[in-house]
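The values are calculated or read from the model by the stated rules, or taken from the named source; none is laboratory data. Since we're looking at a predicted model, the values are computed, not measured. Note: ideal-geometry Cβ built from the backbone for every residue, glycine included; neighbour counts use all protein chains shown.
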Number of protein chains: 2
Amino acid sequence: MGTTQLETVPEPKYWHLKNVIGEALDSEFSIGEILPNERDLAARFGVARATLRQALEQLELEGRLQRRRGVGTTVAPPRMGVAVGSPRQNWPGNDDDWRTVDCMQTLAPVAVARLLDQDPARTVHLVRRSRVSGGQPVAAELLYVTESAVPELSGIDAPAGPARARAVLRELHRLDLEGEDRSVELASARADDAKELDRLPGAPVLLVTTRYFAQGRTAAVSMATYRADTCRLTFGDTGDVEIHHGAERQAQAS
Amino acid sequence: MGTTQLETVPEPKYWHLKNVIGEALDSEFSIGEILPNERDLAARFGVARATLRQALEQLELEGRLQRRRGVGTTVAPPRMGVAVGSPRQNWPGNDDDWRTVDCMQTLAPVAVARLLDQDPARTVHLVRRSRVSGGQPVAAELLYVTESAVPELSGIDAPAGPARARAVLRELHRLDLEGEDRSVELASARADDAKELDRLPGAPVLLVTTRYFAQGRTAAVSMATYRADTCRLTFGDTGDVEIHHGAERQAQAS
DNA sequence: GAGTGGTCTAGACCACGCG
DNA sequence: GCGTGGTCTAGACCACTCG
């Protein structure tokens with residue numbers, strides 16, 4: 001990465017900087033390599049640190065850099081493809097790479113109650129799961145299950161921990177899944193999700209909301225929060241993929 | 001929106017600010033209403049403008065605010081649900097809300113050539129389309145079509161404009177679509193896409209990459225860039241949706 | 001304790017939209 | 001021309017990680 005002077009064009013400096021550094025990442029750095037620290041980089045490019053940071057933020061958003069406080073900035077590996085709802089990915093049974101955390105009985109937020117098409121005053125089972133892929137935490141999920149979908153659990157009072165969560169998932173799995181309904185949007189990580197995903201609060205995430213239908217009703221709603229910097233969500237019945245990576249930058253470059 | 005003092009906790013000011021303003025948006029503002037300008041707001045909350053801006057940026061990322069240079073900051077309407085690939089949404093025929101822009105013959109970027117499983121030295125048809133929903137531009141698409149998928153066009157030399165684009169789509173539509181393959185990831189808008197989407201370069205977008213299979217091969221690849229601030233991508237065969245909105249904030253609030 | 005990224009400040013000027 | 005948000009600066013201090 002040279003000490004190149006920025007041009008004097010009307011384009012923002014941070015935009016140039018982002019492109020210059022982005023190209024340097026492709027040609028002069030390898031995955032996992034650590035960059036010089038922000039103060040040095042800023043001095044080298046002759047800009048204020050805040051400006052340099054604006055460029056790095058963009059590159060991090062695009063999944064090309066990873067920054068950790070107290071450690072440094074490293075070159076990120078290509079985003080990993082994470083399968084979302086191809087062959088009933090999340091419907092229990094395939095505990096693939098989901099780790100069941102715990103379970104409690106609570107009131108669903110009104111927005112979730114609406115998705116469940118249920119009275120907000122009725123309690124639901126709330127199962128928390130987290131998904132790990134390639135050794136990295138990639139998603140935190142809140143799974144809201146209506147009590148009517150898993151009636152056998154009404155009497156059970158297992159401790160509100162993993163055991164109970166597994167019981168709920170087991171009962172849920174007994175149902176015939178009739179369909180699902182999904183949406184994806186950009187959000188920022190809530191404090192607790194951020195912690196679980198090893199990010200700072202407010203980090204960009206992809207919020208995947210799924211409704212599961214069974215017995216002619218909405219049986220459960222999942223709100224899964226995926227790290228936007230490290231994940232590429234994949235859909236589709238052909239479960240191969242993993243072609244598309246790294247070099248896609250050239251298709252998307254300015 | 002009061003002149004509330006920020007607490008003296010170790011949480012970042014901009015995070016508090018974001019929450020405070022976010023709550024004010026729900027309770028004291030209506031959609032489309034304009035907020036006081038940044039300098040006033042910063043003074044009112046007793047913070048530097050940069051700090052206030054950090055909070056507003058987050059809210060904009062979450063689709064709750066809309067900021068336009070030279071105009072001001074307004075309260076954004078709830079994100080619109082945009083159907084992505086339920087009943088062959090993009091496969092020609094349904095010109096739904098897609099507007100065909102133009103078409104040219106060019107070399108595909110190597111990443112796209114790889115997705116097409118084709119020699120990067122072979123040219124492709126590149127159709128540009130843009131999608132409008134609710135009067136707003138929501139997506140810009142680059143559709144790469146292999147020449148072998150639409151052989152009838154080899155001899156044609158219509159002017160490289162909309163007419164030619166429509167011809168390509170027409171031929172493409174003749175094929176039997178055998179399957180598709182989709183991925184969604186966060187990206188930042190390239191300069192030209194940004195312009196088309198009425199955003200600044202680098203604005204956060206959802207990049208939807210789709211491979212279309214026909215005749216046992218990959219016939220086309222679409223790279224569609226959706227505004228992340230205004231769109232919620234919806235999937236699934238039950239094409240209703242539009243329940244889930246606004247109030248979901250309570251499900252996602254810190 | 002040294003070094004990193006994260007937050008925050010108080011200014012300045014620029015680019016754009018609109019009357 | 002005025003007011004808006006967008007960019008940029010040069011500093012300061014904080015929170016975290018690690019040797």
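Quick notes on this one:
- The range B:9-27, residues that are at pLDDT 95 or above and over 14 Å from A:Gly202 (Cα atoms): B:Val20, B:Ile21, B:Glu23, B:Ala24, B:Leu25
- Filtered residue count, the range B:173-198, keeping only those that are modelled with pLDDT of 90 or more, farther than 25 Å from B:Ala219 by Cβ and of a type outside the set (A, V, I, L, M, F, W, C): 1
- The criterion of at least 2 residues that are within 15 Å of DNA strand C (Cβ to nearest atom) and either surrounded by 13 or more Cβ atoms within 10 Å (Cβ to Cβ) or small (Gly, Ala, Ser) (or both) is met by the following strands (runs of 3 or more DSSP E) wholly inside the range A:20-88: A:65-68, A:72-75.
- Filtering the range B:42-75 to residues that are away from chain A (no Cβ under 14 Å) and either within 11 Å of DNA strand D (Cβ to nearest atom) or on the phi > 0 side of the Ramachandran plot (or both) leaves B:Ala42, B:Gly46, B:Leu52, B:Gln66, B:Arg67, B:Arg68, B:Gly70, B:Val71, B:Gly72, B:Thr73, B:Thr74.
- Scanning the range B:179-212 for residues that are within 7 Å of chain A (Cβ to nearest Cβ) and in a helix (DSSP H, G or I) yields a single hit, B:Ala191.
- Within the range A:213-237, if we keep just the residues that are small (Gly, Ala, Ser) and part of a loop (DSSP other than H, G, I, E, B), the residue that is surrounded by the fewest Cβ atoms within 10 Å (Cβ to Cβ) turns out to be A:Gly216.
- Scan the range A:20-41 for residues that are free of Cβ contacts under 8 Å to residues at least 40 places away in the same chain, within 17 Å of A:Ala76 (Cα to Cα) and more than 12 Å from DNA strand D (Cβ to nearest atom) and the total you get is 7.
- Only one entry of B:Leu126, B:Leu143, B:Leu169 meets the criterion of being more than 13 Å from every other protein chain (Cβ to nearest Cβ), surrounded by 20 or more Cβ atoms within 10 Å (Cβ to Cβ) and more than 13 Å from the chain's Cα centre (by Cα), and that entry is B:Leu169.
- Unique residue being within 24 Å of A:Val150 (Cα to Cα), more than 16 Å from DNA strand C (Cβ to nearest atom) and in contact with a Cys (Cβ under 7 Å, 6 or more places away or on another chain) when the list is A:Val221, A:Val168, A:Val208: A:Val168
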